Amino acid sequence: MDVKAKVNELLQPYLNEDQYFVVGIQVSPSRTRAKITVLLDSDTGITIEECAGISRQLGNQLEELEIFDGQAFTLEVSSPGVDEPLVLRRQYLKNVGREVEVLLNDGQIRKGKLESIGEDHLVMTEIPLKKPKKNDPPIEPTAIPFTEIKKSTIQVSFK
């Protein structure tokens, strides 16, 4: 049985008609205690209490199904941390207006403000490496296809 697929299937009723969405499911089998990590999010964020409620319900179902043949397991349901890369278009949409760092498949790193999201690309206004001079042309937003992106992370600003 594919544990990851089963966990995803069992999660669906708790996503409140698409209010929440699954960012990732990780299953780490072990001889002593397996670990299941579920990352959930929503367009407006998800609270610790919401994660705990889903965790209790899902945990009970997994125990009843003896998902690891009666072996002990740990279940962790949380939201992705700020250091977690963006993986879904919906996560990008939620972060429009924030500063992002994008690692491209060719190794280039781009930093800038996430302006908008298209069906297959993001648009960002890059932060110049050096302070622009008065006569420098304004920085134009750049479209980057998702297929060229290896990893994107939101940059936390303490301004």
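The values are calculated or read from the model by the stated rules, or taken from the named source; none is laboratory data. This one's a predicted model, so the numbers in the text were calculated from it and none came from an experiment. Glycine gets a Cβ as well: all are built from the backbone with ideal geometry, and neighbour counts include every protein chain shown. All accessible areas refer to the heavy atoms of the entire protein, side chains included, with ligands and DNA or RNA removed. Shrake-Rupley method; radii C 1.70, N 1.55, O 1.52, S 1.80 Å.
Observations, loosely collected:
- Flag for residue 94 being surrounded by 16 or more Cβ atoms within 10 Å (Cβ to Cβ), among the charged types (D, E, K, R) and free of Cβ contacts under 8 Å to residues at least 60 places away in the same chain: yes
- Number of the condition not met by residue 80 [criteria: (1) open to solvent by 30 Å² or more (accessible area, probe 1.4 Å); (2) within 24 Å of residue 156 (Cα to Cα)]: (1)
- The set of residues from the stretch 66-118 being more than 11 Å from the chain's Cα centre (by Cα), of a type in the set (Asp, Glu) and closer than 21 Å to residue 24 by Cα comprises 76, 101.
- Hey, residue 5 without any contact (Cβ under 8 Å) to a residue 40 or more places away in the chain and open to solvent by less than 60 Å² (accessible area, probe 1.4 Å) or not: yes
- The residues on offer are 67, 54, 48, and the sole one that is modelled with pLDDT of 90 or more and open to solvent by less than 80 Å² (accessible area, probe 1.4 Å) is 54.
- The residue pairs whose first member lies in the stretch 31-43 and is closer than 11 Å to residue 80 by Cα and open to solvent by 10 Å² or more (accessible area, probe 1.4 Å), whose second member is outside any strand (DSSP E or B) and of a type in the set (S, T, N, Q), and whose beta carbons are closer than 8 Å, counting only pairs six or more residues apart or on different chains, are 39/79; 41/79; 41/91.
- Among the residues of this structure, residue 140 does not count as one that is within 23 Å of residue 27 (Cα to Cα), open to solvent by 50 Å² or more (accessible area, probe 1.4 Å), without any contact (Cβ under 8 Å) to a residue 60 or more places away in the chain and not polar (S, T, N, Q).
- Some residue of the stretch 3-21 being within 30 Å of residue 156 (Cα to Cα) and among the β-branched types (Val, Ile, Thr): no
- Test for residue 123: is it over 30 Å from residue 32 (Cα atoms), in a strand (DSSP E or B), modelled with pLDDT of 90 or more and under 16 Å from the mean Cα position of the chain (by Cα): no
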